[in-house]
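Below is one structure; the comments refer to it alone.
The values are calculated or read from the model by the stated rules, or taken from the named source; none is laboratory data. In this text the structure is predicted, and so the values were computed from the model without any measurement. Methodologically, a virtual Cβ is constructed for each residue, glycine included, from the backbone with ideal geometry; neighbour enumeration extends over all protein chains shown.
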Amino acid sequence: MNLLTTQELTAFYGDFQALYGIDFAIDEGEVVAIIGANGAGKSTFLRSLTGLNRVARDAIRFDGEPIGGRAPHDIVKRGIALVPEGRRLFPSLSVEENLVLGANPGRPGPWSLQRVCELFPILAERRRSPGTALSGGQQQMVAIGRALMSNPKLLLCDELSLGLAPTVIKDIYAAMPAIVAAGTAVIVVEQDIGQALRVAHRVYCFQEGRVSLAGDADALTRDQIAEAYFGTSHPIAEEAGHGIRH
Amino acid sequence: MASVIDTLIQGLLLGGLYALFATGLSLAFGVMRFVNIAHGDFIVLGAYVALAVLAVLPVPPLAAALVVVPVMAAAGYVVQRYMLNRTVSRDPLPALLVTFGLSVIVQNVLLEVFSGDTRRLDAGALATASIGLGDDLAIGVFPLLTLGIAVALILGLQLLFARTALGRALRATSDDREIVQLMGVNPKMIYGLAMALASATVGLAGVILGMTKAFDPLLGPPQLLYAFEAVIIGGLGSLWGTLAGGMILGVAQTVGFRVDPGWGVLFGHLAFLGVLLVRPTGLFPKTRDR
């Protein structure tokens, strides 16, 4: 059964129309990657799902109910959590306080402070530090942990790898199987196509606010992705295609 | 020497009063990043609410705070949720204009209801009681009590901010009003609660103001000025800084009074300008620009 669907989802970023009629679906327990160039509308799409961007009521259905236009603090209580781009930890709060605040929506489930610290053991050691005193990778772990603390049915990850070293990215993505095994569906937005394809069951490619390609991660070819990503067969596509399976 | 110590002590005690005036302003700014121009008028309103309570209930003036504080807190919550929240944005101008309007409205309603006559909350023997320290020094019991209340209030608020779930939500909302919503927190509700807390301190300040000096409906703006100066001297968003700022202002004014009775307030303003010139962000700034 579909956990979340969008139908003809249209969104604006200020006066600028960022999304043009997006049809999207994700099932329970599934990992879906959204790839696309800068400005393709990926982040706007995630912000729309969390309520940070206002959209039409029936454009988004979650757990069988329309949630478009609902307030973000209401949507997170229904089970959608976001790891925002740039991590956005609360500077006045310690690591532990950042995580505990994440549990504020009060949803029951497997994730607790202890469980998050088992997933990312470094956070237990640094729990009294201000969240922003940590390295970028550790901050990303706090941001993921904070989102998991709300025990979401659907976890949205916006550019987890942005600004992080490859080994750190690997450590972060190593946590993904445990998250999925706990029963959470995941949408990852990534510019790192190789990384996205490694974790995802299915892939959507966005281009200028529209879905340019959708399919199983295993079935898509490098040429299909390059064309969906850039719009044409572009020399840069060669570059971007690295890490994609054939 | 005794007169220097006396000036210092009287100044610090006066500082306690200013810190009490300024705590609500500092708190509201710390969480919501807006300056309430009607702050001084709300303090005076608190004094008049106490006056009304005491007209009905024959209790000591300080006991009136038990009614004034919750009434002011509730009023603060309602004003924030249904009026000021509409003005909160990156542009500080709408909030300034609306609270300026509120200031005018409060003053005029008080004039209509209570007339322009000066009033006082009779503190009885407490007003004149003092503790002698040697031959030349004496400390007024009521100013000492005021300072004690200010310190206890700030300590209590600090504990609330540091140790409670509400404090955590208040700090997080101050940090990032957008992302805190993803934690299931409704920032409009948090702003309402922040204003309720600030208004509770304003109610207490109003009762103390009424017991300290005669008041009339137009006394608000100078109280705002003193509170504002204490907050700026101490550094925006820091409650202990606000206490220190109040004390610096109080000492400066007392020194001014000793030099010439007409110069007290002027010395306070000069101290404020001096700090602003040397450290434009105040002595203990906590607010980050992001």
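Overview of values
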read-out: Filter result (within 14 Å of chain A (Cβ to nearest Cβ) and either of a type in the set (Val, Ile, Thr) or on the phi > 0 side of the Ramachandran plot (or both)) within the range B:181-222; value: B:184, B:185, B:190
read-out: The range A:7-46, residues that are in a strand (DSSP E or B), within 21 Å of residue A:225 (Cβ to Cβ) and aliphatic (A, V, I, L, M); value: A:19, A:22, A:25, A:26, A:31, A:32, A:33, A:34, A:35
read-out: The listed residue being farther than 22 Å from residue B:79 by Cβ, within 14 Å of another protein chain (Cβ to nearest Cβ) and either modelled with pLDDT of 95 or more or assigned to a helix (DSSP H, G or I) (or both), out of B:230, B:172; value: B:172
read-out: Test result for residue B:150, of a type outside the set (D, E, K, R) and either over 23 Å from the mean Cα position of the chain (by Cα) or at pLDDT 95 or above (or both); value: yes
read-out: Residue tally, condition surrounded by fewer than 24 Cβ atoms within 10 Å (Cβ to Cβ) and in a helix (DSSP H, G or I), over the range A:146-179; value: 12
read-out: Criterion violated by residue A:61 - all others in (1) surrounded by fewer than 20 Cβ atoms within 10 Å (Cβ to Cβ); (2) not in a strand (DSSP E or B) satisfied; value: (2)
read-out: Of all residues making up the range B:192-216, the number that are surrounded by fewer than 24 Cβ atoms within 10 Å (Cβ to Cβ), over 15 Å from residue B:18 (Cβ atoms) and not hydrophobic (A, V, I, L, M, F, W, C); value: 2
read-out: The range A:38-53, subset without any contact (Cβ under 8 Å) to a residue 60 or more places away in the chain and within 13 Å of another protein chain (Cβ to nearest Cβ), residue farthest from residue A:76 (Cα to Cα); value: A:53
read-out: Among the candidates A:62, A:90, A:120, residue that is within 11 Å of chain B (Cβ to nearest Cβ) and either touching a helix residue (DSSP H, G or I) at 6+ places or on another chain (Cβ under 9 Å) or at pLDDT below 95 (or both); value: A:90
read-out: Test: residue A:107 is within 14 Å of another protein chain (Cβ to nearest Cβ), closer than 29 Å to residue A:128 by Cβ, of a type outside the set (Val, Ile, Thr) and under 17 Å from the mean Cα position of the chain (by Cα); value: no
read-out: Residues located in the range B:138-182, provided they are surrounded by fewer than 18 Cβ atoms within 10 Å (Cβ to Cβ) and of a type in the set (D, E, K, R); value: B:163, B:178
read-out: Failed criterion for residue B:178 (all others in (1) in contact with a Gly (Cβ under 9 Å, 6 or more places away or on another chain); (2) among the charged types (D, E, K, R); (3) within 14 Å of chain A (Cβ to nearest Cβ) hold); value: (1)
read-out: Of all residues making up the range A:1-41, the number that are farther than 24 Å from residue A:161 by Cβ and among the aromatic types (Phe, Trp, Tyr); value: 3
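Residue-by-condition table, conditions (1) touching a Ser or Thr at 6+ places or on another chain (Cβ under 9 Å); (2) in a helix (DSSP H, G or I); (3) of a type in the set (Asp, Glu); (4) modelled with pLDDT of 95 or more:
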| position | (1), (2), (3), (4) |
| --- | --- |
| B:156 | no, yes, no, yes |
| B:192 | no, yes, no, yes |
| B:195 | no, yes, no, yes |
| B:198 | yes, yes, no, yes |
| B:211 | yes, yes, no, yes |
| B:222 | no, yes, no, no |
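Here's the yes/no breakdown for (1) in a helix (DSSP H, G or I); (2) at pLDDT 95 or above; (3) surrounded by fewer than 23 Cβ atoms within 10 Å (Cβ to Cβ):
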| site | (1), (2), (3) |
| --- | --- |
| A:49 | yes, yes, no |
| A:54 | no, no, yes |
| A:69 | no, no, yes |
| A:73 | yes, yes, yes |
| A:76 | yes, yes, no |
| A:82 | no, yes, no |
| A:96 | yes, yes, yes |
| A:115 | yes, yes, yes |
